[in-house]
Amino acid sequence: MQLRQILAQGAVYAAYQPIRRLKDGSLFAHEALARGPEGPLHSPAQLFQAAAAEGLLFALELACRTAALERKPPGVLCLNVDPLTLQDPAFTRGMTAQVLAALGVSPREVIFEITERIAITDYDLFRRTLGHYRSQGYRIALDDVGAGYSNLRLVAEAGPEFLKIDQGLVRGCARAKARRAAVSALARMAEECDAVAIAEGIETAEDLRVLVDLGVPLGQGFLLGHPAPHREPAGAARR
């Protein structure tokens with residue numbers, strides 16, 4: 001199935017992965033992960049690569065957000081943002097706000113995750129993306145921090161509410177001293193910048209114990225919950 005056909009049929013959907021408080025395992029939020037139908041465009045990477053090639057970034061991102069919000073679990077929801085969407089000629093301001101209003105969801109229930117990787121190649125676009133979503137009352141998370149593209153000055157200046165520590169540092173941090181030190185440094189940096197650190201890619205109890213000891217407050221990964229669809233519509237969840 002081609003991307004235009006997927007969009008026309010509304011065939012994108014969201015899988016939701018829990019983000020938990022590491023000390024007690026209680027639920028903090030869910031991250032919505034885009035999925036296409038089974039086939040070559042099932043994964044979000046494949047979907048957005050095709051959208052960029054066909055000039056359909058905004059159309060795809062709006063479809064993914066709408067699908068995620070329509071089946072939103074109760075509580076806070078993290079939505080991924082591709083900053084390049086703002087450069088799409090079809091980009092229209094306020095479309096997400098319209099979907100939220102129709103579903104009775106407050107912007108304070110939404111955290112937009114913006115990958116730090118784009119900032120290295122287009123700092124101005126990164127700033128504009130932050131400003132666009134902040135002006136509408138959304139909170140911001142920087143994703144992939146520590147992935148090898150990091151500009152720590154940029155992280156400090158962006159002032160995100162959440163800082164997501166890349167899974168490449170988190171996985172195996174219990175056994176690798178350098179990874180543990182990097183995670184510790186990023187967690188301290190987040191705290192000093194009045195942000196909340198979220199560790200990604202937690203897969204072992206051993207790593208989880210180290211993260212708790214390091215004072216990382218939030219995390220996600222297969223140990224804490226796999227991505228899964230949420231069947232109940234957002235409106236029904238509120239009744």
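The values are calculated or read from the model by the stated rules, or taken from the named source; none is laboratory data. The shown structure was predicted, so the numbers you read here are calculated from the model rather than taken from an experiment. For neighbour counting, all protein chains shown are included, and Cβ atoms are generated from backbone atoms with ideal geometry for every residue, glycine included.
Which condition from (1) touching a helix residue (DSSP H, G or I) at 6+ places or on another chain (Cβ under 7 Å); (2) touching a residue at least 40 places away in the same chain (Cβ under 8 Å) is the one that E61 breaks?
Against the list (1) touching a helix residue (DSSP H, G or I) at 6+ places or on another chain (Cβ under 7 Å); (2) touching a residue at least 40 places away in the same chain (Cβ under 8 Å), E61 comes up short only on (2).
Search region 108-128 for residues being in contact with a Ser or Thr (Cβ under 9 Å, 6 or more places away or on another chain) and at pLDDT 75 or above, and hand back the single one that is surrounded by the fewest Cβ atoms within 10 Å (Cβ to Cβ).
Looking at residues that are in contact with a Ser or Thr (Cβ under 9 Å, 6 or more places away or on another chain) and at pLDDT 75 or above, I get I114.
Mind checking whether some residue in region 38-52 is small (G, A, S) and without any contact (Cβ under 8 Å) to a residue 24 or more places away in the chain?
Yes, region 38-52 has at least one match.
Taking the criterion of being assigned to a helix (DSSP H, G or I) and basic (K, R), would at least one residue in region 163-173 satisfy it?
No, region 163-173 contains no residue that is assigned to a helix (DSSP H, G or I) and basic (K, R).
I'd like to check something: does region 110-131 contain any residue that is part of a helix (DSSP H, G or I), touching a residue at least 24 places away in the same chain (Cβ under 8 Å) and more than 20 Å from L152 (Cα to Cα)?
No, every residue in region 110-131 fails to be part of a helix (DSSP H, G or I), touching a residue at least 24 places away in the same chain (Cβ under 8 Å) and more than 20 Å from L152 (Cα to Cα).
Inspect all residues belonging to region 29-37 and state whether any of them is surrounded by 13 or more Cβ atoms within 10 Å (Cβ to Cβ), among the basic types (K, R) and in a loop (DSSP other than H, G, I, E, B).
No, region 29-37 contains no residue that is surrounded by 13 or more Cβ atoms within 10 Å (Cβ to Cβ), among the basic types (K, R) and in a loop (DSSP other than H, G, I, E, B).
Go through (1) of a type in the set (A, V, I, L, M); (2) in a helix (DSSP H, G or I); (3) buried (at least 18 other Cβ atoms within 10 Å of the Cβ) and name the single condition A97 misses.
(3)
Among the residues of region 176-183, is any buried (at least 22 other Cβ atoms within 10 Å of the Cβ), within 17 Å of the chain's Cα centre (by Cα) and not small (G, A, S)?
No - not one qualifying residue is present in region 176-183.
Any residue at all in region 38-45 that's of a type in the set (D, E, K, R), farther than 23 Å from L130 by Cβ and loosely packed, with under 13 Cβ neighbours inside 10 Å?
For region 38-45, residues of a type in the set (D, E, K, R), farther than 23 Å from L130 by Cβ and loosely packed, with under 13 Cβ neighbours inside 10 Å: present.
Residue under question is L186, and the condition is that it be among the aliphatic types (A, V, I, L, M), surrounded by 13 or more Cβ atoms within 10 Å (Cβ to Cβ), at pLDDT 95 or above and assigned to a helix (DSSP H, G or I); does it hold?
Taking the combined requirement at face value, the residue does not satisfy it.
Taking the options G159, G137, G148, G131, name whichever one is farther than 17 Å from L211 by Cβ, surrounded by fewer than 15 Cβ atoms within 10 Å (Cβ to Cβ) and at pLDDT 90 or above.
Testing whether each residue is farther than 17 Å from L211 by Cβ, surrounded by fewer than 15 Cβ atoms within 10 Å (Cβ to Cβ) and at pLDDT 90 or above leaves just G137.
Does L211 satisfy the condition of being outside any helix (DSSP H, G or I), under 20 Å from L169 (Cα atoms), modelled with pLDDT of 95 or more and out of contact with any Phe, Trp or Tyr (no Cβ under 6 Å at 6 or more places or on another chain)?
Judged against the criteria, L211 is not a match.
Condition (residue is small (G, A, S) and touching a residue at least 60 places away in the same chain (Cβ under 8 Å)) applied to region 181-197: is it met by at least one residue?
no
State yes or no: is A67 at negative phi and touching a helix residue (DSSP H, G or I) at 6+ places or on another chain (Cβ under 9 Å)?
no
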